[in-house]
1. Can you say what percent of the DSSP beta bridges in region C:73-192, counting only those with both residues inside, are antiparallel? Round to 5.
2. Rounded to the nearest 10 degrees, what's the angle between the helix C:39-51 long axis and the longest principal axis of chain C, both from Cα atoms, 0 to 90?
3. Taking the number of other C-beta atoms within 10 Å as the exposure measure, put D:39, B:181 in order starting with the fewest.
4. Could you grab the relative contact order for region D:50-165? Cα pairs under 8 Å, six or more apart, rounded to a whole percent.
5. So what is the 222 nm mean residue ellipticity for chain B from helices alone, if each DSSP H run of at least 4 adds -39500 (n - 2.57) and you divide by all residues, rounding to the nearest 500 deg cm²/dmol?
6. Can you tell me the length gained on complete extension of the stretch residue B:164 to residue B:280, counting 0.36 nm per residue apart and subtracting the Cα distance?
7. Taking the Cβ-Cβ separation of residue A:179 and residue B:105 as r and a Förster radius of 60 Å, what is the calculated FRET efficiency to the nearest 0.05?
8. Please work out the FRET efficiency for the pair residue C:6 and residue A:347, using the Cβ-Cβ distance as r and a Förster radius of 56 Å; give the result to the nearest 0.05.
């Protein structure tokens, strides 16, 4: 905490807008920053620029149509949105998912987590000033998007995981193309560590900056890599396992000090864990059909409520689904991790310098589609 | 938006049903309306690539792809042609001196009414023009080279279309564009100072190039106080930067200007102190003497460059290199214009030709810093191995300068950016004390062992 | 702390707050839900969960409007319909209510807490009348409630007493009314 | 004291490791393709612009119900006395609202599908009302759009190369 020794010199505070259009706000977010000289005194994030009212939109759509809307929340890892909505709806309808569909779902979500963390790694490098990691990260991300295009035909809004299973089976060449990517990606992860993670200037910019203690993180309800960066080892895949995560073994990566670097490095190690998970999925991929029997064209579940949550790339993504027996969900609430993680900026930015603000905002890794829904 | 004229309901089906096209075949003609201006007239038929080449397919052995082999071939041809031309051109210094003699005799012989110093004035003017053109062409080449180097480091292609081969004319095209661009600047700017600032930044760099020894006796002027002269003039462009920041009446550029002034001044100190051991050992401030001092070889093959002096050479080389990168305002020290909240730094409000002058100055400083690095630490013009001195000295000077320019580009595309306070800490608490220690370490070289 | 299991929690809460009723067929599958009847009970139970029973993580806080089928006038009409459709053909599909589901003219605030050590989840629910839905804020228990309550206020219009700055967060300023209410009717603003 | 020199050494060592990474990539061939000259071919299941075949379509309205954003509209042909027959008079998709989710293709009962995703990722629209395309009997698979100015139906312009000619019709 840098105290500004306000001597007799009359200095008034300057209010600047880190406006909706800004290279490092990762989307339409306005930060109202009050500055006293170089030090931030008050930060007021203003969201809602991308609010499309998807929760009200889902109240007039059938369950199959809602899956298409879920792609538009966290558009960087859309597979996880599909998965969490389908888990909630299947819990409501009591559907049984065939084993092969489960393995395909987990493989897709982990590949999507790698693609999402690669985008974080690239844009965080640009926030701190290094341009090359961005292009290296996007070269690998293109390979993951190619894998998705092979399976479901889309590169961003997949609509692949459906109620009761998955849209289509993996084409024949897909499995070894994925293992080829995974083998190549392991060498690249070590290369990223050389290029950016342990670069002295990068360490100097992120090591002791934006410290968030464990109590602060719990108090603000952080989740995902932001929470694990502060030393709290909470991973939904381990604490409340869903789908087939209890059959897979992987490590939960935890940081120590809760600084920007710890949050960054937790995500880099998580990518290595995801590679291990996808390898296990490919090895144990059972044969069999990919869609549960008896999924109605227009499903009308019994009245009731269900809450399902998964470990998304940005944190603990949950769907609270209420059904009143009609063919459309009665109420759908999305527990958006980016929306909840973003609130801590009000406290985390106070006392920092202007240059650190960009580093802290980048390390929280928010996606505005999920913040505003 | 054009008022949407609601179309009439679609016509009822044509009475005679259209001939049934076979189910699976597209109708042959595909009406490609001429309305769309063909952007690339020659390349309408884009070739379809087989499904996506992944790095895992292309990189294991890149020699398979024809374009990679062609690129390597062209590159080696260029290098061989360069050395061949250098081999035949021999030392340019000698014929130039002869040319100067003939000029003098011609002036005395048949231009008696012209005063005696006129020939010398013409000769100096010619030298000045040559040095000016070296800087301008270097600007052209370096911008293109940086874009190609950064592209290939990031596994992409860089400019391809403008020039015949690999976008060679890209910088010329950018220059013409910047010439024709309108100079949009805020109304409240101090217009006179606003246009003076780019000149105040660019002119010192031109003047700094006089003592640079391009090869054996190829320097524009053999000044005895060359080093002092360069640092004196280089210090002036700080004025231009601060002036640019203040004159554009924009809060952010003022902040950017002051920040780069602080960085510029504070990195001037370690830059000059790291040269003190070299000057003491070489015994003179003139760049030609410093370069001359480093001719000759230890044990017959090891060049006597200042870089290879066991401890002192490496320390002062590293300090001088880091300080030069900071002087040129380039990553990892480019807090002046690239900091996210300073938007464009001191040249935010400049566009068109004024902006390109700032741009050119940055690349001129890169060239100046590389020339200084070659002269001080790599004995500009001295061949690395005895038998290699068959190639002329300006060729070696050019090669070493290109290597150092490559290092500047290399740093830019690898390192992230410093923060302003850490940047100044790094200078005052690390570089400067180490340059003092370096001077003390150099004492034995100066007095005891005359290497 | 005593070994906490689902039945363990129910006794402790029953003993301390008799007015709390446990919804027998737990409404949210796999999450035992406790129905509070008054604001103070609601705050007391959640504080008990946090301090005594080790539920130190607030998953989410939201509200449900149980009024009936959603009103079709709440949706914006399609600004540029398909020009080939005859006039007035595009009608917002009417959502019918489920006849044998007893809707009630109430809001219901749902708070889900989780205890990681025991891998337990608990939901606390409270019914609020439509007249003036007021509820004490959870801000001093968890700071994350700040934005979640602002969102619930913005979209459903539930007042949270003791909230530091309870104002709109997601919807633009010129939107009147609370969009997620079932009887929300969209007022034509300048952007339609 | 030793720690001080260790940090200096570590700093320089990591710097050189970073430089080595960029140096290695300098000599690797580039991955990108300069777009208008060489275009990437999408994979077989790619969901590009929608094509429609008026001949095989039986006008069953299944795709109209399956579309999440109601952007498909069609009108059945009628016999002279007004009874609907299993032929389509005109069929229109509003690409302004289509989100390429492939639900209509999955709902289509005909074999081979009469509405399907092509591999064309270069769909170009020059005005908002041109975004809805209409198919009538005898139109090409890409359909036509109604040009309000000249009051005629025109085939869509655009400098695309005919990817849609690679039939991905299943």
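Quick note: the coordinates plus some simple rules give every number you see, no bench work behind them. Predicted model only: the values in this text are computed from it and were never measured. Reconstructed Cβ throughout: ideal geometry from the backbone, glycine too, with neighbour counts over all protein chains shown.
1. Numbers: 10 of 13 bridges.
Within region C:73-192, antiparallel bridges account for around 75 percent of the total.
2. So the inclination is approximately 60 degrees.
3. Numbers: D:39 18, B:181 14.
Least crowded to most crowded, the residues run B:181, D:39.
4. Values: 202 pairs, mean separation 32.9, N = 116.
RCO, region D:50-165: 28 percent.
5. One gets -19000 deg cm²/dmol as the mean residue ellipticity at 222 nm.
6. Stretched fully, the residue B:164-residue B:280 segment lengthens by 36.7 nm.
7. Result of the calculation: an efficiency of 0.15.
8. Values: r = 35 Å, r/R0 = 0.62.
Efficiency computed from Cβ-Cβ geometry: 0.95.
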